[in-house]
């Protein structure tokens, strides 16, 4: 996709979305600048995952628009967006637990990338995966499975990476390690939108933080400033 150098890599403008007759997003505006980590924070039911579903094409908005690299992609199917450089790592890791690590990585070749390149990226970023290349993915630790999910997503060299609850079910030290990798990925040029319920796991690596409540983005700003406004009662600490 040809990129407008002045445009955000991902932008939602006035997005509304509904499940049947129940509207769950009420005019969401959100910008992900180039080579940055944007944290979308909020309690369960705030609309965070729905926002990601609209951004990656899994769900069509009832109003508003989605732009990638300055171009309107509203309603474009997710597989087409993926080909244009937008990759999603869903909640729950999204790996094939009955396949080996290498077989999981081979699935990334369906996007037109050779297995040699996929493995170079995966094992270079996550050496532990190289040690476990012949291991059944479902028998690995939760952190290693999340590394595998990230490795598959990075194999296609995405321009935009969408992460949903990266920390789900993982030990704090593992989460810290994974978010350190996320920060490095952003420094290398990938724009990242990450959804988290537990805000403090991601604020340390985010460039921008946005607080979502009841289907609306209520606050956007510097993570340090936004953190002072976070309520442990609704963000879960």
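A short reminder: the numbers here are calculations on the coordinates, not readings from a lab. Please read all numbers here as calculations on a predicted model, not as lab measurements. Note that we place each Cβ from the backbone using ideal geometry, even for glycine, and neighbour counts take in every protein chain shown.
Computed quantities for the displayed model
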quantity: Label-zone membership for the range 192-209, site residue 216, 7 angstrom Cα→C-beta point, backbone N under 18 Å; calculated: none
quantity: Neighbour-count order for 193, 81, fewest beta carbons within 10 angstrom listed first; calculated: 81, 193
quantity: For the range 6-82, alpha-carbon Rg over 2.2 N^0.38 Å; calculated: 1.05
quantity: Relative contact order [Cα under 8 Å, 6+ residues apart], the chain, whole percent; calculated: 28
quantity: Sequence of 179, 123, 19 once ranked by neighbouring C-beta atoms within 10 Å, starting from the fewest; calculated: 19, 123, 179
quantity: Full-stretch length increase - residue 116, residue 19 - with 0.36 nm per residue and alpha-carbon distance subtracted; calculated: 30.8 nm
quantity: Label point distance in nm, residue 62-residue 176, each placed 7 Å from Cα along Cα→Cβ; calculated: 4.4
quantity: Point-to-point label distance, residue 200-residue 106, nm (Cα→Cβ direction, 7 Å offset); calculated: 4.5
quantity: Length released on extending from residue 98 to residue 139, taking residue separation times 0.36 nm less the Cα-Cα span; calculated: 13.9 nm
